[in-house]
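Every read-out reported here was derived from the displayed coordinates using simple, explicitly stated rules and does not represent laboratory data. Since the model is a prediction, treat every value here as computed from it, not as a measurement. Positions of Cβ are generated from backbone atoms using ideal geometry, with glycine treated the same way; all protein chains shown enter the neighbour counts.
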Amino acid sequence: MDLWDELAGARTLDLAQPMRTGMPQSPNHPPFRMLLERRHGDMVRADGGSAANEIIVTGGHVGTHVDALAHVSQDGLLHGGRPAESGHRGFADLGIDAFPPYVGRAVLLDVARVHGVEVLPAGYEVTVADLERAADGLEIRPGDVALVGTGWSRRWDDPAAFVGTAGGVPGPGAAAARWLAGLGVRAAGGETIAFEHIAPGRGHATLPGHRILLVEAGINIIETMRLTELLDTGVREFLLVLNPLNVVGATGAPVRPLAVLPRG
């Protein structure tokens, strides 16, 4: 059986949340807006034809997106000790345009399943022990992409709960972020707006996971993923296609990740 036969029998899952005006997002970033600039009938050609088109305004960290290494600095420095300096036109180095498209192996660490629930409690800190239990029997190789399942994408249609301003959101604490960094993964991600443990009422006051992964380890972060269908399959490893918009100098960009599941 050749490669094309294998792909013909594969199942593809879209891991991106739908982008729409008013969707849940971090208050720290410019919101997504889309409207039809021209509607059918606003201009009609001589032959009766008409076209509609839209204008889209968005921040780079809205909806499902990839964080560039330039997104976070610590004590004035980016990854590799580079000074965190840029003009308003973006970064000459470590922007999202420096992220090569990824087509390769991904592993899903389903922490919610470890605890026997569909969704982890709001404000729950994912620990190293949680990740080790979720990874039991699963080899994680350097260069893989590691996704942490919390079930939080099931809260997408409840914006207040999803953002977690009052109740917090589940995610990896600093120790868990260091565990992931120690694996040498290419990228790490999950379902929440910030790939972090956000305690109730704390908001984004501190983001140690971002510092550890982006600044210290040089590992990109994927946020606001829709993992619901993937979690329901029970699949733990799959082919991931990850290709954020190539926006020169940007600190992040929207992405539509695709999971290609093996036949059967």
Please report, in cubic angstrom per residue, the volume enclosed by the convex hull of the alpha-carbon atoms of the stretch 11-147. 240
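If I stretch the segment between Asp14 and Ala52 completely, what's the gain in nm (0.36 nm per residue apart, minus their alpha carbon distance), one decimal?
This chain segment gains 11.1 nm when fully extended.
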Per-residue ellipticity at 222 nm for the chain, helices alone: DSSP H runs ≥ 4 residues times -39500 (n - 2.57), over residue total, nearest 500 deg cm²/dmol? -3000 deg cm²/dmol
Mind giving me the FRET efficiency for Val44 and Val248? R0 is 41 Å, r the Cβ-Cβ distance, nearest 0.05 is fine. 0.65
How much of the DSSP beta bridge set in the chain is antiparallel, as a percent to the nearest 5? 65
Kirkwood hydrodynamic radius over Cα pairs of the chain, then Stokes diffusion coefficient at 37 °C and 0.692 mPa s, in µm²/s: 170
So what does the Cα-only Debye profile of the stretch 200-242 read at q = 0.17, 0.30 Å⁻¹, as log10 I(q)/I(0), no solvent term? -0.75, -1.03
Between Glu139 and Ala175, what FRET efficiency comes out of the Förster formula 1/(1 + (r/R0)^6) with R0 = 22 Å and r the beta carbon distance, rounded to 0.05? 0.55
Counted charge near Phe162, where neighbours are those whose Cβ lies closer than 14 Å (Asp, Glu -1; Lys, Arg +1): 0
